[in-house]
Ligand code: HPA
Ligand code: ZN
């Protein structure tokens, strides 16, 4: 599985006398995608509300009789120029206005899963922002049941096993988050864990210690965005104060060599989202993305799409651009696919199944 890069199928060193040599056989890395299909991966960093494509925003607005502040798709698309995380979040929250019924949440989820299946996703751990819907007067049951109803048939219909993660907005209070978590537990919502997202800077992990402690007591998995725009100390605090099992983004760990050493030793998963980082200007260009340095340092990194409808691509697009723009090798892509599977909260049996598929995928 991990030795295809540059080694496979190149054959023994060909003699220089071209007339007698056999035609060059392409390396596996050059085999076109349509031959062996996309890399099978687990998507670990995905906001379901960030999968709302412009066309679906317009379709749901029409169905719900909502007047959008954009004349057409082009005008909406012209807003997808972000200067930082907050400029994206403003549009992301505004567009959620079209999500009103269980059916809306179900349609959004179905659209993501059908696209993700084409991208090679075999397992998805999907974040939902319940507070962003409650504040608009949409009931917790409406958003959770709408998404969960489709996740329940995902493995059968799309070949994608799924888990749902309730993400809490760090720019709101811890009391608000605790209240929603208690409601989720009381309604026996099928959530596997909790996350922490939204505006990072000024909202350090220390603010949410009671929330994460309650989640741990309730047997839930715990993840948090940290080190996207926030400093490396937020990553340290997410680990030490919140006992998170994975860090979402985490790219700014590279500013702290001691932290990198700690993350490498603990095999802490970092769910990196390259196209997101470029679109939100966390890095200037993909060519300058720290991912190659993170791989070289031995960090447990995976590739994820974050909010694919807003950032120019799904997980397959992220891999394709990493290869074409920064020349990431097939070996590194396979390594990150394996990292994503091993770092998931799927059962050991499911992980073994996915790793076997990866091994026989031709990548
Ligand atoms: N960062 C923080 N919060 C978010 C993001 C993100 O990339 N996407 C949706 N909420
Ligand atoms: Zn995110």
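Values in this text are rule-based calculations from the coordinates and carry no lab data. Computed from a predicted model, the values in this text were never measured in an experiment. Quick reminder, even Gly has a Cβ in these numbers, built from the backbone with ideal geometry, and neighbours come from all protein chains shown.
Tabulated results
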quantity: Relative contact order, percent, the chain [alpha-carbon distance under 8 Å, six or more residues apart]; calculated: 21
quantity: Amide N of region 63-77 lying under 18 Å from the label point, which is placed 7 angstrom from the Cα of residue 324 along Cα→Cβ; calculated: none
quantity: Anisotropy class of region 74-194 from Cα gyration tensor, a/c 1.5 cut; calculated: oblate
quantity: In nm, spacing of pseudo-spin labels at residue 155 and residue 216 (7 Å Cα→C-beta vector); calculated: 2.9
quantity: Value of relative contact order over region 74-176, rounded to a whole percent, pairs C-alpha under 8 Å and six or more apart; calculated: 32
quantity: Residue-span extension gain [residue 353 to residue 83] - 0.36 nm each, minus C-alpha spacing; calculated: 93.1 nm
quantity: Of 348, 330, 141, the one that fluctuates the most in a GNM where the chain has Cα springs shorter than 10 Å; calculated: 348
quantity: Per residue, the convex hull volume that the Cα atoms of region 255-363 enclose (Å³); calculated: 108
quantity: Antiparallel bridge percentage (DSSP; both residues within region 40-359; nearest 5); calculated: 0
quantity: Cα gyration tensor shape of region 121-179, rounded if a/c is under 1.5, else prolate or oblate by comparing a/b with b/c; calculated: prolate
quantity: Sites residue 265 and residue 59, calculated FRET efficiency, Cβ-Cβ separation with R0 45 Å, nearest 0.05; calculated: 0.40
quantity: Shape of the chain, Cα gyration tensor, a/c cut at 1.5; calculated: prolate
